[in-house]
Amino acid sequence: MERCEAVRATYQTFDGRVSEYELHPYHLLAYHGNWYLMAWNAEKGRVATFALSRFRRIAATGQGYTRAAEFSPETYARQAFGIVGGEKPIKVRLLFEPKLAVYITERQWHPTQEFRTRRDGRVEMRLETTGRKELVRWVLSWMPDVKVLAPKSLRARIAEKLRDGLRAQQ
């Protein structure tokens with residue numbers, strides 16, 4: 001990062017696939033006891049987050065790069081959900097059952113979160129994020145006491161994951 005030198009990296013993804021990337025390292029971040037690298041992923045044309053523990057090989061390319069002037073680690077982290085971000089922002093609306101109202105509203109889950117308590121005691125949560133992977137896992141962790149109101153693409157992904165989970169239990 002100090003030398004602004006691109007690297008060629010062999011990386012094992014969360015699901016076990018091994019991929020090769022050209023990366024322009026931007027920022028190191030400690031999160032939940034692990035170290036992560038925020039880097040420009042040349043193949044995907046965007047900043048992505050990589051767990052240092054999943055790198056299998058890293059080699060300098062000898063090619064320099066200029067860090068994108070608009071990149072801010074603080075902004076990236078604020079827009080992400082958890083540690084993963086970098087995708088197009090989505091506006092999320094979730095509806096939690098009354099039994100979760102106190103627990104959900106007393107915590108900071110995301111910097112953009114807003115809550116509205118409905119007359120029936122259910123709580124609507126709104127947020128805007130660029131991180132879908134961790135958001136999907138988080139929403140699934142609240143099932144069956146949460147409903148995705150928006151966007152439709154998130155609702156469809158949650159339904160797909162629930163169907164996959166049911167199939168795996170048969």
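The values are calculated or read from the model by the stated rules, or taken from the named source; none is laboratory data. Predicted, not measured: the structure shown is a model, and the values here were computed from it. Glycine also receives a Cβ, built like all others from the backbone with ideal geometry; neighbour counts cover every protein chain displayed. All accessible areas refer to the heavy atoms of the entire protein, side chains included, with ligands and DNA or RNA removed. Shrake-Rupley method; radii C 1.70, N 1.55, O 1.52, S 1.80 Å.
Applying 0.36 nm per residue to the separation of residue 55 and residue 143 and subtracting their alpha-carbon distance, the gain on full extension is 28.4 nm. Residues in the chain average 61 Å² of solvent-accessible surface per residue, probe 1.4 Å, ligands and nucleic acids excluded. Taken along the Cα-to-beta-carbon direction at a fixed 7 Å, the label points for residue 63 and residue 160 span 3.2 nm.
Between the helical axis of 152-168 and the longest alpha-carbon principal axis of the chain there is an angle of about 90 degrees. Distance between the modelled labels on residue 152 and residue 112, one decimal in nanometres: 2.1 nm (7 Å Cα→Cβ projection). The fraction of accessible area contributed by carbon and sulfur in the range 1-127 is 50 percent, rounded to a whole number (1.4 Å probe; ligands and nucleic acids excluded).
Once divided by 2.2 N^0.38 Å, the Cα radius of gyration of the range 2-66 becomes 1.05. If you run the Gaussian network model on the chain, springs between alpha carbon atoms under 10 Å, then out of 121, 33, 64 the most flexible one is 33.
Subtract the Cα-Cα distance of residue 32 and residue 15 from 0.36 nm times their separation in residues, and report this length gain in nm to one decimal. Please report the intermediate quantities before stating the final value.
Working: separation 17, 0.36 × 17 = 6.12 nm, distance 1.93 nm.
Value of the extension gain: 4.2 nm.
Shape class for the range 82-138, computed from the alpha carbon gyration tensor (a ≥ b ≥ c): prolate, with a/c not under 1.5 and a/b above b/c. Accessible surface ranking for 14, 71, 1.4 angstrom probe, highest first: 14, 71.
When restricted to Cα atoms, the range 44-170 yields an Rg and a Dmax of 17.8, 62 Å, respectively.
For the chain, what is the number of Lys pairs with C-alpha distance below 13 angstrom, counting only pairs 8 or more positions apart or on separate chains?
Close lysine pairs found across the chain: 4.
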